[in-house]
There are 2 protein chains.
Amino acid sequence: MRLGSIEAGGTKFIVAVADENYRILARRRIPTTTPAETLAACISFFQENPVNALGIGSFGPAEIKRDSPHFGTILNTPKPNWAQVDVVGPLKQALQVPAAFTTDVNASAYGEYMLGAGKKVNSLIYFTVGTGIGGGAIQDGHFIGGRSHTEMGHAFVKPYSGDDFKGVCPYHGNQCFEGMASGPAIEARTGQRGEDLERSADVFKLISYYTAQLVLAAYLNFTPEKIVLGGSVISQTELPQIRKVVRELNNGYVDLPDLDQLLVLTSIPDNGAATMGNFALARRLLEG
Amino acid sequence: MRLGSIEAGGTKFIVAVADENYRILARRRIPTTTPAETLAACISFFQENPVNALGIGSFGPAEIKRDSPHFGTILNTPKPNWAQVDVVGPLKQALQVPAAFTTDVNASAYGEYMLGAGKKVNSLIYFTVGTGIGGGAIQDGHFIGGRSHTEMGHAFVKPYSGDDFKGVCPYHGNQCFEGMASGPAIEARTGQRGEDLERSADVFKLISYYTAQLVLAAYLNFTPEKIVLGGSVISQTELPQIRKVVRELNNGYVDLPDLDQLLVLTSIPDNGAATMGNFALARRLLEG
C-alpha cells in the first residue's frame with residue numbers, strides 16, 4: 001500500500017509518499033504559485049510516485065464536508081488566485097485515486113491521534129501556535145465541526161491585566177488569541193521574531209498566559225484526554241508556566257487531570273504531524 | 001413502549017413517563033432532600049408507573065462516561081449529602097430497566113436535537129442561561145466531551161468595555177460567562193431578579209453582549225447548525241440584539257450562516273427540553 005500526502009500551505013505544498021508503515025519514500029516541496037501550476041506539479045509528483053490513496057490537509061477556509069457539492073474547494077481566502085479553487089477535483093481526476101480532504105490543523109490533529117501523542121486516547125485537540133493560531137479536535141475518530149472546520153484561534157480572550165497591546169488580527173485586533181499570541185503578535189510586540197528572542201524574554205510570559213487560556217477553554221469545551229501544542233511559538237520551556245497558569249485560571253473549578261499528561265508538545269518531529277495525519281487519512285479511505 | 005425521565009436538579013427531581021409518541025402520561029415533582037429519600041420517591045413513582053427504560057439528566061459534576069466504574073454517580077458537588085452519590089445504581093437495581101445518564105444540559109440538547117429546534121440538523125449546541133450557564137453539544141447523535149461533560153459556561157470572557165462588575169462566579173469572579181451573565185449576576189448587578197426587570201433595562205444589553213460572545217465562541221469551536229438558548233434569562237426580546245453583536249464581534253471573519261436560522265430559543269415549551277431528551281435517550285437504549 002502506498003499512501004500520499006499533500007500539505008497544502010499558503011507558501012508551499014509539501015507532497016510525500018509513504019509505505020504502509022508510514023515510512024516516507026519520497027517527498028517534494030512545491031512553491032504555492034497559481035493553482036494550475038501548483039496542482040500540476042503535485043500531479044507530476046504522484047505520477048512519478050504512484051499512491052493508492054491521497055490525504056490532503058489544506059490552508060483554509062476550505063470546504064471539508066464530504067456531502068457538500070463544493071467538497072475539496074478552498075473557499076473565501078484572501079490569497080490571490082486561490083479563492084473558490086477546487087483542489088480535490090483535478091487531483092482525483094488526474095490520479096484516479098480516492099482523496100481525503102481536511103484542514104492542515106485537522107490533519108495534524110489526526111496525525112497525533114493515530115501516530116503521535118494521542119495513540120492511546122479517544123479524544124484529542126491539536127493547536128498550532130505559529131503564524132496563525134488554529135485548533136483541530138477529534139473525538140472517537142471523528143473531527144469535531146458541524147457545518148465546517150473550527151476556528152478556535154479566533155475565539156475572544158480575556159486580556160492579561162495591563163496588556164494594552166493592540167493586537168494583530170486584521171478582523172479582531174486584540175480581541176482573539178491569534179491577535180494576541182501568534183508569531184506575528186510576538187514580532188509586533190517586541191520588534192523581533194520569536195525565534196530570535198531569549199526564551200526568558202517577558203513576552204513569553206504573556207504568550208504563556210494566552211496559551212493557558214486557550215488550553216483551559218479547550219478543556220472546558222471538549223474535555224479531551226490530550227491537548228497537543230504544535231507550531232513555532234511554544235517550546236518545552238513554556239510548558240511548566242502554561243500548566244501553572246491553567247491551574248490558576250481554573251481555580252479548582254473543574255477536576256483537571258494531571259496536566260503533565262494532558263498538555264504536551266507535538267511528538268512527531270520535523271513539523272511532520274500534518275503529513276502523518278494525511279497518510280493516516282488516506283489509509284482510512286482504503287481500509288474503511 | 002413506556003419511557004421514563006428523571007430531571008435530577010439541585011432543588012427538585014422531576015419524574016415523568018411518556019408513551020412512544022412522547023405524550024406525557026404521568027409526572028411528579030420530588031423535592032431534593034437526602035439521596036436515600038429522593039431516590040426512594042423516584043423508585044416509588046416508577047413502581048406505580050412502570051417504564052421500559054429510563055433517561056436521567058442530572059445536575060453536575062457527574063460521571064457520564066459509560067465505561068467508567070463510577071458511571072451514574074454525582075461527583076464532587078458542593079451540595080450537602082450528594083457528593084459521590086450513585087444515582088443510577090439504586091434506580092436500575094430497584095426497577096430492573098436500562099438507564100441512560102447524562103447532564104441536565106446534555107439532556108436538553110438531546111431533546112432539542114431529536115424533538116425540537118434540531119430535528120433537521122446533524123449538529124446542535126444547547127445553552128442554558130439561568131441560575132448557571134452551561135452548554136451541551138451534539139454532533140451526529142453523539143455528545144461532545146472526551147473525558148467528561150463540558151463546562152462551557154465557565155470559559156473566560158472578554159469584558160464589555162467599561163463593565164467593572166466584579167462577577168458572581170465563586171471560582172472565577174468576573175472572568176467567566178456564568179460570573180457575568182447568569183441570573184444571579186443580573187440580580188447582583190441590579191438588586192432585582194431578572195423576571196422583575198423590564199426587558200428594556202440596560203442590564204439586558206450587557207447580558208446580550210456576553211451571550212453573543214458565548215454564541216460566537218460556540219460557533220468558532222464547533223460550527224454547529226443550530227444554537228438553541230434555554231433558561232430563564234434570555235427571551236425573544238434579546239435575540240435580535242444578540243444576533244447583531246455576534247455579527248459585530250465576528251467582523252466578517254468566519255462565514256456565518258443566516259443567524260435567524262442558526263440562533264433560536266428553545267422550541268420545547270414549559271422548560272421541557274430535558275424531559276424530552278431523557279425520553280429520547282431512554283428510547284435510544286431500547287432501539288439501539
Given all pairs of distinct Cα atoms, the protein assembly as shown yields a Kirkwood Rh in Å of 24.8
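Report, for region A:117-267, the % of DSSP beta bridges that are antiparallel, rounded to 5.
Working: 11 of 19 bridges.
Beta bridges within region A:117-267, antiparallel portion: roughly 60 percent.
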Per-residue average of other protein chain Cβ atoms inside 10 Å, peptide B:210-219 -> 2
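Among the GluC sites (Glu not before Pro) within region A:6-42, which fall in a DSSP loop and have no more than 16 other Cβ atoms within 10 Å of their own Cβ?
A:20
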Of all trypsin sites (Lys or Arg not before Pro) in region A:68-128, the ones in DSSP coil with at most 10 other Cβ atoms within 10 Å are A:120
Taking Cα pairs closer than 8 Å and at least 6 residues apart, the relative contact order of region B:172-219 in percent is 34
If unit charges are put on Cβ atoms (+1 for Lys and Arg, -1 for Asp and Glu) and the dipole of the protein assembly as shown is taken about its Cα centre, the option from B:259, B:87, B:51 lying farthest towards the positive end turns out to be B:51
Neighbours of residue A:11 by Cβ distance under 13 Å: Lys/Arg at +1, Asp/Glu at -1, summed charge +1
Neighbours of residue B:64 by Cβ distance under 14 Å: Lys/Arg at +1, Asp/Glu at -1, summed charge -3
Distances in nm between the label point of residue A:284 (7 Å along Cα→Cβ) and its equivalents in the other copies, shortest first, are 2.0
SASA check, residue B:195, accessible area w/ 1.4 Å probe, all protein chains in place, rounded to nearest 10 Å², comes out at 120
Heads up, region A:26-101 by the C-alpha gyration tensor (a ≥ b ≥ c square roots of eigenvalues; a/c under 1.5 rounded, else a/b over b/c prolate, else oblate) looks oblate
With every protein chain in place, the accessible area of residue A:176 for a 1.4 Å probe, in Å² rounded to the nearest 10, comes to 0
With a ≥ b ≥ c from the Cα gyration tensor eigenvalues, square-rooted, and the rule rounded for a/c under 1.5, otherwise prolate when a/b > b/c and oblate otherwise, region B:91-222 is prolate
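How high is the relative contact order of chain B? Use alpha-carbon pairs under 8 Å, at least six apart in sequence, and give a whole percent. If you can, show how the numbers build up before the last one.
Details: 580 pairs, mean separation 60.8, N = 288.
Reported relative contact order: 21 percent.
With the contact rule set at Cα under 8 Å and sequence spacing of 6 or more, what percent relative contact order holds for region B:131-264? Don't skip to the end; give the middle numbers.
On the way: 146 pairs, mean separation 25.0, N = 134.
It comes to 19 percent, rounded to a whole number.
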Using a 1.4 Å probe on heavy atoms of the protein chains only, the accessible area for residue A:200 in Å², nearest 10, reads 100
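So what is the 222 nm mean residue ellipticity for chain B from helices alone, if each DSSP H run of at least 4 adds -39500 (n - 2.57) and you divide by all residues, rounding to the nearest 500 deg cm²/dmol? Please list the in-between numbers first.
Working: 9 runs with 98 residues, N = 288.
The helix contribution divided over chain B gives -10500 deg cm²/dmol.
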Label points for residue A:188 built 7 Å along Cα→Cβ; distances to same position in the other copies, nm, shortest first, come to 3.3
With one decimal in nm and the nearest listed first, the spacings from residue B:66 to its own position in the other copies, using label points 7 Å along Cα-to-Cβ, are 2.2
Counting lysine pairs in chain B that sit 8 or more positions apart or on different chains, with Cα atoms under 21 Å apart, gives 11
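What's the Kirkwood radius of region A:1-48 in Å, using all Cα pairs? Show your work: numbers first, answer last.
Working: mean 1/r = 0.0918 Å⁻¹.
Final number for the Kirkwood radius of region A:1-48 is 10.9 Å.
Under the rule a/c < 1.5 gives rounded, and otherwise a/b versus b/c splits prolate from oblate, where does region B:188-288 land using the Cα gyration tensor? Provide the component values of the computation, followed by the final result.
Working: a/c = 2.66, a/b = 1.26, b/c = 2.11.
Here region B:188-288 falls in the oblate category.
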Summing +1 per Lys or Arg and -1 per Asp or Glu among the other residues with Cβ less than 12 Å from residue A:30's Cβ gives +2
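The values are calculated or read from the model by the stated rules, or taken from the named source; none is laboratory data. Keep in mind that what you see is a predicted model, and the values were worked out from it rather than measured. So basically every Cβ, Gly included, is an ideal-geometry build from the backbone, and we count neighbours across all protein chains shown. Calculation scope for accessible area: heavy atoms of the full protein, side chains included, ligands and nucleic acids excluded. Shrake-Rupley method; radii C 1.70, N 1.55, O 1.52, S 1.80 Å.
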